[in-house]
Amino acid sequence: MESAHTLSSVANQKTCDTVPAPQNLLIRSSRPPSPSPQATTTSLFDVPPMINADEDVDIPMEEPTAEEKQQIALFPPAPTGRKLCIRHQRMADEGTNLKLQHSLDLLPDDERSSIAQIWSSFSASSHARRDLILRGILTMCCFTELSLLSDQLREIIRIDPFTLFPSELALRVLSYLDAATLTRAAQVNRNWNRLANDDVLWKTMCQQHIERKCTKCGWGLPFLKTKKAYPPGADGRPAVPARPSSFSQTKRTIDELDRDIYPTESPSKRHRSSSPEPSPLSPLGSPGPSGPMSQFEAYEAQKCVTRPWKDVYHERHQVESNWRKGQYVVSTLKGHTEGVMCLQFAEDLPHPSFPVLITGSYDRTARVWNLETGKEIRTLRGHSRAIRALQFDEAKLITGSMDHTLRVWNWRNGQCVRTLEGHTEGVVCLQFDGNVLASGSVDTTVKVWNLRTGECFTLRGHRDWVNAVNIWDSKAGSSDHIAEPSASNQLPDIDAGKMLFSASDDGVIRLWDLNLRQCVKQYHGHVGQVQSIKLLLLDEGSDESDGTTPQEPDYAEIAAQFQSSVGEGPDEPEDLVTPEVGTIVPFNHPYTQLPSGMPGFAPVSVSIPTVPPADHPGFDSPAFAPSATYEAHDHELQANRRLPLQKRTGPLPILISGSLDNTIKVWDVERGQCMKTLFGHIEGVWAVDSDRLRLVSASHDRTIKVWVREQGRCLTTLVGHRGAVTCIALGDDKIISGSDDGDIKIWSFARDAKPILPLSSGAVAA
Amino acid sequence: MSITLISKEGAQFLVSKPVADRIGVVRDCAYGADFWLGYAVATDDSMGITLANVTSSILSKILVWCEHYKDMEPLVDGDSNMEFPEWDMAYIGHDMNQILFVLEAADYLHIPGLLLLACKGIADVLDGRNPRGICDLLGIVMDFSHRQEVDMDKENGYWRWFLHPT
């Protein structure tokens, strides 16, 4: 805060003329000619400067005549050109003197003149004298008078600090306020309105709330990226391809927010814009009709090109309020003839211009929908049995079916590009990231495909259907994420640190290292089939990330977990990856050379990583530290098998799982412990999805629940499906769900949400 | 070494150098002279610096803060989300006028840390009040026209919802 001088600059205006301003102050300090504040600055409430006490210097002042004195004493209401301090300025506004005059008029003449005499001599005194007089009067006062004084003082000492201090200080004060108080402060008066609507303040507010939960108020606002509306004819493809929204794990920043105002919004509503940067829409540089009118229009356009941050904030706040209040508009898409099993939507694709939804169903088709109109654009036929899983990006769609195959489609024209065969039973889940595709199957295996080369290897370990897979780049974003040349020679397409979660009907979630092709961790806790998992990367400093213990320490459960994971090791030789014929055998892989149990190489299954307690003597020893750079083929399995545990940089991974045991569990990925269990569904949970702000779950009980993840509290229950809800996708302002009855429902929490099809079920507000 | 600070009323406060160093103006007086004139003004205990705009009561309050922070760095900058230590919040209190006096004195005396704390103090007093309450607290006259008020109410209507978020 470099505002120290600012005060002195305005202070001079506040010198009050109700007393003659003392001149030529004598300050006993050998003040160097440094730019320190002027000694003569007047301060709050017209405090006169210090007069040297021991040298009784009288300040020269012009003696007003008695009449003038009275005038001054009684009527300080600023004649023009007169300087008044803040207090007297306000008093003049309030007509205090008039009231005083009236009470004086009621008195007999002689009393009136004596009182006037007292006032005027007080008024004529210097500040030091005034102090003395006041002290004297105070000692004369009885309690009743003192109480009058204290009452009066409480009233008159009030002051608007924002008129007193420069804007920088006022803005600093306002920056400490929350959005609610800031909004209220804007309604105080014009000056406050100007300050409290400051764009920088609201930008900070947006930064604190959008895409993250504010640590102070607990509110987090959705990102709500608006689609770029390009002028017709212009080639408006952004240079960076948009990520499919459902799979984006990197953090979005508010700088990506598009604040340009398009013709669809009324510019008259945007009266203010404080960002001076010219917009691409501004016609200033463009060849156009020149003339005074177009110049004016250009100016207007310039003024209205960006939305104020306050507007951005409030738009999102309304959406978030809708989420919290459970206010939504639901639309239904009909078309599938049997149960919908999987879906995904993308709103920020560079092309086409509308948001796209793709669903897969037991009726053996996948359908592409326009989410704006609710129209079905295309039906993809080819699978001979139910489609159980799908994922798409801007180029391709991959579906997994009960007919044992996976198909790669060009969803824009409906062509099946490729069929992947390999599973011996139906495919129930899949996920791809770049060139790596993972699919889980009824045959209890997970296959990892290289989409570029078509190679594939198998992960064995589950004892029942594999219902969900989730790829995790555990090294993404960390500084040591460098492709190692030696590793890339042998396994060219899997980055170091690529991991895979898989959830199975056997009730276990496994974490696999795709480079080692081994299971490195198991998550025990669910007592039913695990149907769905979702990995979430939380920012550092968020609620969960600093907790050293699980937030809901279920000690019995943890103990049981601990026991089971230690105890069951040797009984589970299926942890070992048996390289399949026809798949790549990792060069020099320990298991191609050494039987497990060989001295020097602990059998993998025995050393299920259990996290040592923090007070364990070896916890901080260097030997325990996982190798910083990931060596895919070194023999130090012990080091590799421990996930990066300490000195974690980057986001905190948590895993959310939904199971047919009616619960949803939140897992600490690194410790392998269940942090929280969400109870509420009365039947099994088929699907979960989550973002930084909320968690949603779809259940066999035909409901969808919206949860506050941190508190494990159910916020809203959405009822409407006629069958079990089998799949769900969460967006910034909507949920899309598919049901066994063949319906797809869109639950929109947007600001001015309207049902997508007027023919389908109408608006329902909970 | 210690420095005598003289308040507006002429009261003398004897403070040690680390305490006085928290006050930018005093620091400037002591070292600024050294820099500009080639010698230090404060060579012995007799040095007195008059702080003409600061009353004794406020000065003594400010010196409490300086004393507390003589060995550690106060929060000086940054993020409005940063939490002040409990001691600070207890120190600044909830008396608006006192905070204003402290703020003004901190500005005058160049104490950035205290300045921020005072701003935070004011914000905390304002926190949760509605516009009418702020006006009453600070004696502000609303100067909106009726039309503006209606518009504003429409625009800022959400704040009612803010009051009772579930």
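The values are calculated or read from the model by the stated rules, or taken from the named source; none is laboratory data. No experiment lies behind these values; they were computed from the predicted model shown. We place every Cβ from the backbone using ideal geometry, glycine too, and count neighbours over all the protein chains shown.
Matching residues to (1) more than 8 Å from chain B (Cβ to nearest Cβ); (2) basic (Lys, Arg); (3) in a helix (DSSP H, G or I):
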site: A:145; (1), (2), (3): yes, no, yes
site: A:159; (1), (2), (3): no, no, no
site: A:170; (1), (2), (3): yes, no, yes
site: A:173; (1), (2), (3): no, no, yes
site: A:177; (1), (2), (3): no, no, no
site: A:180; (1), (2), (3): no, no, yes
site: A:183; (1), (2), (3): no, no, yes
site: A:187; (1), (2), (3): no, no, no
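Does region A:197-220 contain any residue that is closer than 15 Å to residue B:134 by Cβ and in contact with a helix residue (DSSP H, G or I) (Cβ under 9 Å, 6 or more places away or on another chain)?
No, because not a single residue in region A:197-220 is closer than 15 Å to residue B:134 by Cβ and in contact with a helix residue (DSSP H, G or I) (Cβ under 9 Å, 6 or more places away or on another chain).
Residues of region B:97-133 being more than 18 Å from residue B:82 (Cβ to Cβ), surrounded by fewer than 21 Cβ atoms within 10 Å (Cβ to Cβ) and at the interface with another protein chain (Cβ under 8 Å from one of its Cβ atoms), which ones?
B:97, B:128, B:129, B:130
Among the residues of region A:692-750, what is the count of those that are among the aromatic types (Phe, Trp, Tyr) and in contact (Cβ under 8 Å) with a residue 60 or more places away in the chain? Don't jump to the end; show me each part of the working.
Filtering region A:692-750 for residues among the aromatic types (Phe, Trp, Tyr) gives A:707, A:747, A:749.
Now drop any that are not in contact (Cβ under 8 Å) with a residue 60 or more places away in the chain, which leaves A:747, A:749.
Total meeting the criteria: 2.
Of the residues A:323, A:369, only one is buried (at least 18 other Cβ atoms within 10 Å of the Cβ), among the aromatic types (Phe, Trp, Tyr) and within 14 Å of chain B (Cβ to nearest Cβ); which? Break it down stepwise before answering.
Values: A:369 fails: within 14 Å of chain B (Cβ to nearest Cβ).
None of the others qualify; the one that does is A:323.
In region A:678-736, which residues are in a loop (DSSP other than H, G, I, E, B) and under 22 Å from residue A:332 (Cα atoms)?
Keep residues of region A:678-736 that are in a loop (DSSP other than H, G, I, E, B), which gives A:679-684, A:691-694, A:700-702, A:709-712, A:720-724, A:731-733.
Those that are in a loop (DSSP other than H, G, I, E, B) and under 22 Å from residue A:332 (Cα atoms): A:700, A:701, A:702, A:720, A:721, A:722, A:723, A:724, A:731, A:732, A:733.
Kindly evaluate residue A:174 against the criterion of being crowded, with 18+ Cβ neighbours inside 10 Å and out of contact with any Lys or Arg (no Cβ under 9 Å at 6 or more places or on another chain).
Yes: the conditions hold for residue A:174.
Return the residues of region A:335-375 that are modelled with pLDDT of 90 or more and charged (D, E, K, R); say none if nothing qualifies.
Correct list: A:338, A:363, A:364, A:367.
Would you confirm whether any residue within region A:213-228 is within 11 Å of chain B (Cβ to nearest Cβ), in a loop (DSSP other than H, G, I, E, B) and of a type in the set (A, V, I, L, M)?
No, the conditions are met nowhere in region A:213-228.
Name the pairs: first residue in region A:662-685 and on the phi > 0 side of the Ramachandran plot, second residue charged (D, E, K, R), Cβ to Cβ under 6 Å, at least 6 apart or on different chains?
A:672/A:521; A:680/A:705
Which numbered condition trips up residue A:101, out of (1) surrounded by 15 or more Cβ atoms within 10 Å (Cβ to Cβ); (2) under 28 Å from residue B:136 (Cα atoms)?
If we test residue A:101 against (1) surrounded by 15 or more Cβ atoms within 10 Å (Cβ to Cβ); (2) under 28 Å from residue B:136 (Cα atoms), just (1) comes out false.
Condition (residue is modelled with pLDDT of 65 or more, closer than 19 Å to residue A:153 by Cβ, assigned to a helix (DSSP H, G or I) and acidic (Asp, Glu)) applied to region A:119-132: is it met by at least one residue?
Yes; the residues of region A:119-132 include at least one that is modelled with pLDDT of 65 or more, closer than 19 Å to residue A:153 by Cβ, assigned to a helix (DSSP H, G or I) and acidic (Asp, Glu).
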